[in-house]
Structures are given as structure tokens and as C-alpha cells.
Amino acid sequence: MTDKVLIIGAGGQIGTELLERLNQIHGPSNVIAADLNSSSAFANNPYEKLDILDKEALYNVIKKHQINQVYLLAALLSATAEKNPMFGWQLNMDGLFNILNLAKEKIIDKVYWPSSIAVFGPTTPKLNTPQYTVMEPSTVYGISKQAGERWCEYYFNKYNVDVRSLRYPGLIGWKSAPGGGTTDYAVHIFHHALESGNYECFLSEDTTLPMMYMPDAIKATVDIMHAPSENVKIRSSYNLAGFSFSPKEIAAEIKKHIPNFEITYKSDFRQNIADSWPQSIDDLSASQDWGWKPDYDLNQMIKDMLLNLRKIKS
Ligand code: NAD
Ligand code: AKB
């Protein structure tokens, strides 16, 4: 049977790039883009205007297109959720339940739902954070992701729901803009370096965080969704690592390519969020269970970002 895939939140930072990749795998007519608003990125795909919180509309879209796989990307990210905690909780949890319950009823048969390094908190070991460790998230976003992970595992164990998940670090890409996260600075810095030659960072210079280049995040997403079911041994969510850096370190690297680039620092409320997260991640389980290995290190990511952003800005 041909897979019919629905991406909910297809217009976001990840959705835009995941859509491209899933088009290559399944063919654009089999990949349905859903979001609150349309986007030029959906030009080749069927599009559905959909609010994930509208259960009836969701059911109708799934029936209309005979969807069997859902990638659920709609969520409020860390910084936005902190400004509106109750709505962040509602969107992130009810959206997930709406999809998990369709999978429980066997209306769909496979679900992808991303978690985040935000499941960890101030009491988690910061270096090489293990797969299994203390998890006391201090943000509403992190609490929603941790609860979501528990529910994913519960639905797998209780109802045999084939749900797969990754704890993404901060994602960096040139094709799409980030929306409302704490790690967004790591994308903004490139645009500012090329456009004005200076950037005021909302995190302090030594705030080290785990990050990943978007092509690796897309590869991991596709790989875990295509791994044999028995290889996906963790049904909460897998740790995933790329590389780590602080604003000072990435600025120094960018300066090697753009010598006049200057960075200044003015921390805001996102500093507290970043300070509660790990600095580096141990992703041994993902590599052992389904062969995960990133393609990009920090220097390759920087070169590729600058090359592509220069092209689209010229
Ligand atoms: P994003 O904010 O860029 O995109 C989310 C998309 O969802 C947007 O296009 C938005 O319009 C859509 N959306 C919002 N509310 C909706 C609703 N009610 N119904 C339908 N669509 C709705 O987010 P992203 O960076 O692409 O992240 C996608 C997922 O990956 C989220 O669950 C996020 O927590 C997770 N994640 C992202 C990162 C990252 O660095 N980008 C890291 C860790 C985890
Ligand atoms: C955010 O900063 O909120 C996201 C994430 C790491 O989950 N990029």
C-alpha cells in the first residue's frame, strides 16, 4: 500500500524541510501539508488549512486523504510557551492526544512526534546528558514534552500505537525561519552577520547548548520512521546529538568567514530557559538501535549555512 502522509505544522522551521524530503520519498501527491495558514512551500502538495485542536476537522482530513502516517509538528516552542503557559500546555498536549487517539483507534498506523532537549532541567547532568537521567524540566514547554513522552510510551505499551520520537537539540537551517525557541539565536546570527555585520544576542556569551544542522535532523526523522519496528526500542523519545557551542564560540567561527562581524550580548528571559538545559547530549541508544550518525560537524554546518545564505541573499 502506498503511504499517505500528513504533516501537521508543515509551514514551520522543520515542516518546510521535512516536506521536501518526504516529497522525494513518497511523491508530492502522497504528502499532505496541513497548517493554520498556507505557504509557498506547499506549492506542489495538497494543502489543508487545519487547526490540530479541531478534532472533527482533523478526522475529516485524515479520512478525505486516507492518511496512514502523521508527522505532528504543530506546537508552541519554549520562549512562546513561557509567555502563554496555559495555551502552550493545551496546544502541545491536546494536539498530541488528538493524534494518539486516532492511532489507538487504528485510523492511522504510524505517528512521528518530536520531543526536545527541553525535557531536561536544572537538576539533570549537563555534560553528555544520558538517555535515562533526572528529568525535572522547569519550563512549560519542557513539562509538555516530558508528559508527551510518557504518553507516547504509554500508548505504545497499552494500545500498540506505533509512535516514534526524537529529542531534537536546537536546529539550524537556511531554508526556513525558526519560531519562538530559545535556540533561535543560532539561526538569526547568520542572517545578521551577512546583512548588517553585527548581532545582539539574547543569551550570554558562554551559554553552551546542544545544536544540530537541519539536514541531519531531517535524516534522523526519516531514519527512525523507516526503521524496523523492533529496532525502535525506546518509545518515549531518543536523545539525539550533533554538536555544541556557545554564542562566543559560534561568533568566533563566523568571524573567520566574515572578519568584520561583531557580536554584543543582552540576555533576556530566554537566558533562564537556556541555563536549565544540557550542554551536550549522549545519543548512544539512537546509534545502537537504528544506526544514527550525524553527517555535519560545526565547521561543515557553518560553511554550508554561509554558502547557501549568500546565494539566496545575493
Ligand atoms: P515552528 O514554530 O517553526 O512550526 C510550527 C508550525 O505549526 C507552524 O507553521 C505553525 O503555524 C503550526 N501550528 C501552530 N499551531 C497550530 C495548530 N493549532 N494547528 C496546526 N498547525 C499549527 O516549530 P518547529 O521548529 O518546526 O518545531 C516543530 C516541532 O519540533 C515542535 O514540536 C517543536 O517542539 C519540535 N522541536 C523543534 C526544535 C527546533 O529547534 N526547531 C527543537 C526541538 C523540538
Ligand atoms: C527551543 O529552543 O524551544 C527549541 C528546542 C530546543 O526545543 N529549539
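Applying the Karplus parametrisation 6.51 cos²θ - 1.76 cosθ + 1.60 with θ = phi - 60° to the phi angles of the range 188-204, what ³J(HN,Hα) value in whole Hz is obtained for each residue in order, glycine and proline being reported as x?
After applying 6.51 cos²θ - 1.76 cosθ + 1.60, I find 3, 4, 5, 4, 5, 4, 7, 8, 10, x, 8, 8, 9, 8, 8, 10, 6 Hz.
Around E262, which amide H atoms from residues at least 5 apart in sequence, or from another chain, sit under 5 Å from its own amide H, with H modelled in the peptide plane?
Result for E262 returns N198, Y199.
With charges set only on the Cβ (+1 for Lys and Arg, -1 for Asp and Glu), what does the dipole of the chain come to about its Cα centre, in debye to the nearest 20?
On the way: 30 positive and 35 negative charges, 96 e Å.
Here the size comes out at about 460 debye.
Under the rule of at least 5 residues apart or a separate chain, name every residue whose amide H is placed under 5 Å from the amide H of T182.
Excluding prolines and chain starts, which carry no amide H, the hits are S78, A79.
Is there a quick way to get the dipole size of the range 5-167? I mean about its Cα centre, with the Cβ of Lys and Arg at +1 and of Asp and Glu at -1; what is the value in debye to the nearest 20?
Numbers: 15 positive and 15 negative charges, 52 e Å.
My answer is approximately 260 debye.
Please figure out what share of the DSSP beta bridges in the chain is antiparallel and state it in percent, rounded to the nearest 5.
Working: 3 of 31 bridges.
For the chain, the DSSP antiparallel bridge percentage is about 10.
Mind grabbing the base-10 log of I(q)/I(0) for the chain at q = 0.08 Å⁻¹? Debye formula, identical points on the C-alpha positions, no solvent, two decimal places.
Calculated log10 I(q)/I(0) at the listed q: -0.34.
Restricting to the range 142-294, what percent of DSSP beta bridges are antiparallel, rounded to 5?
On the way: 3 of 12 bridges.
Antiparallel bridges make up about 25 percent of those DSSP assigns within the range 142-294.
Using the alpha-carbon atoms, what tilt in degrees (0 to 90, nearest 10) does helix 85-104 show relative to the longest principal axis of the chain?
40 degrees
Along the charge dipole of the chain, Cβ charges K/R +1 and D/E -1, which of A220, T183, P125 sits furthest on the positive end?
The one lying farthest along the dipole's positive direction is A220.
Relative contact order, percent, of the range 49-186 when contacts are C-alpha pairs under 8 Å separated by at least 6 residues? Spell out each step's value before the answer.
Values: 192 pairs, mean separation 37.5, N = 138.
The normalised contact order for the range 49-186 reaches 27 percent.
Per DSSP helix of 4 or more residues, -39500 (n - 2.57); summed, then divided by the residues of the chain. What does that give at 222 nm, rounded to the nearest 500?
On the way: 11 runs with 134 residues, N = 314.
After summing the helix terms and dividing by residue count, I get -13500 deg cm²/dmol.
What is the packing order of peptides 96-103, 123-130, 246-253, 274-281, taking the mean over residues of other C-beta atoms within 10 Å and listing the highest first?
274-281, 96-103, 246-253, 123-130
Rounded to the nearest 20 debye, what is the charge dipole size of the range 274-314 about its Cα centre when +1 sits on each Lys and Arg Cβ and -1 on each Asp and Glu Cβ? Mind dumping the intermediate values first?
Values: 5 positive and 7 negative charges, 105 e Å.
Here the range 274-314 has a charge dipole of around 500 debye.
Tell me, in nm to one decimal, what length is gained between K233 and Y154 on full extension, where the rule is 0.36 nm per residue of separation less the Cα-Cα distance? If you can, show how the numbers build up before the last one.
Numbers: separation 79, 0.36 × 79 = 28.44 nm, distance 1.35 nm.
Additional length available on full extension: 27.1 nm.
Working from Cα positions, state the angle (0 to 90°, nearest 10) between the long axis of helix 298-313 and the longest principal axis of the chain.
It is inclined by approximately 90 degrees.
Every number here is computed from the coordinates shown, using simple stated rules; none is lab data. Owing to the predicted nature of the structure, the values given are computational and were not obtained by experimental measurement. Please note: Cβ atoms are built from the backbone with ideal geometry, for glycine as well, and neighbour counts cover all protein chains shown.
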